[in-house]
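Here is the structure we will look at.
The values are calculated or read from the model by the stated rules, or taken from the named source; none is laboratory data. A quick note: this is a predicted structure, and the numbers were derived from the prediction, not measured. Ideal geometry is used to build each Cβ from the backbone, glycine not excepted, and the neighbour counts take in all protein chains shown. Calculation scope for accessible area: heavy atoms of the full protein, side chains included, ligands and nucleic acids excluded. Shrake-Rupley method; radii C 1.70, N 1.55, O 1.52, S 1.80 Å.
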Amino acid sequence: MPTTAFTSEPSTVTVTGTATATAVPDIVRLTIGVSVTQTAVSDAFDAVARLSTALTETLHARGVRGADLTTAGLSVHPQTQWSDGGRQETTGFTASTTFRVVLRELEPEAANSPAAVIAACVSVGGDAIRLDGLEFDLDDRSDLATRARELAWTAAESKARQFADLADKDLVVPMRGRVAAMKADSAPIAVERGEIEESISVRVRWAMA
């Protein structure tokens, strides 16, 4: 008499582990530049050239060199206004240049602290100085991301083992998984540098026996 064998899908459990690792920032990324408006385009350009040279010399004197100082932009554009006759007239020209700067001495009392460097730049640039951004960051985020992944995996495995125990089964091996890096932020910047966060979410499917 023929027989029929019935098979069933192996028992599995799918869990998500999310974790956040933190670290104290070790650099500041600063975006700073100069902008000047003059009647003649050549005068605006010359003024920016002179001020940007003074600015880079000040940054060099503060220990910012090599890849830590990069020219990020240079622009010249006209300033216009509408005349009584309904026409646009050029009233002057604005020339601007921007630098991306990495600062590595973050202690407030350091000679080249972010506050000291910014004050020195303002001193040489005056009203022409433009501060477009200041962000605390890590020079190398790889260790932070590694710790976040390890913590997320541990959290996922702990959940899976709990479910296996409740089902009176043994957790065998992970069958498949997916890792998602969530948005990494630095803490709001006022005076203190706060902490950098890296969040990782791991979704893993385990077999149970």
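At a glance:
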{"read-out": "Mean shadow area of the chain over all directions, Cα convex hull, nm²", "value": "23.2 nm²"}
{"read-out": "Accessible surface, 1.4 Å probe, highest first, among residues ASP84, ASP137, ASP170", "value": "ASP84, ASP170, ASP137"}
{"read-out": "Under the span-like rule (Cα at least 27 Å along the axis, Kyte-Doolittle mean at least -1.0), DSSP H helices of the chain", "value": "41-61, 142-166"}
{"read-out": "Accessible-area composition of segment 24-87, carbon plus sulfur, in percent [1.4 Å probe]", "value": "49 percent"}
{"read-out": "Net lengthening on full extension, GLU135/ARG87 (0.36 nm per residue, minus Cα-Cα)", "value": "13.0 nm"}
{"read-out": "Cα-Cα separations in segment 61-155 greater than 22 Å, expressed as whole percent", "value": "54 percent"}
{"read-out": "Vicinal HN-Hα couplings computed from phi for segment 71-85 (Karplus, 6.51 cos²θ - 1.76 cosθ + 1.60; Hz; Gly/Pro x)", "value": "6, 9, x, 8, 8, 9, 9, x, 9, 10, 8, 7, 8, 4, x"}
{"read-out": "Built amide H within the under 5 Å cut-off of SER113, gap 5+", "value": "none"}
{"read-out": "Ellipsoid equivalent to segment 16-94 - semi-axes via the Cα gyration tensor, in Å", "value": "39, 22, 8"}
{"read-out": "THR37 accessible area, assembled protein chains, probe 1.4 Å, Å²", "value": "80 Å²"}
{"read-out": "Cβ-placed point charges (K, R +1; D, E -1), dipole of the chain about Cα centre in debye, nearest 20", "value": "720 debye"}
{"read-out": "Accessible solvent surface per residue of the chain, calculated while the other protein chains remain in place, 1.4 angstrom probe, Å²", "value": "62 Å²"}
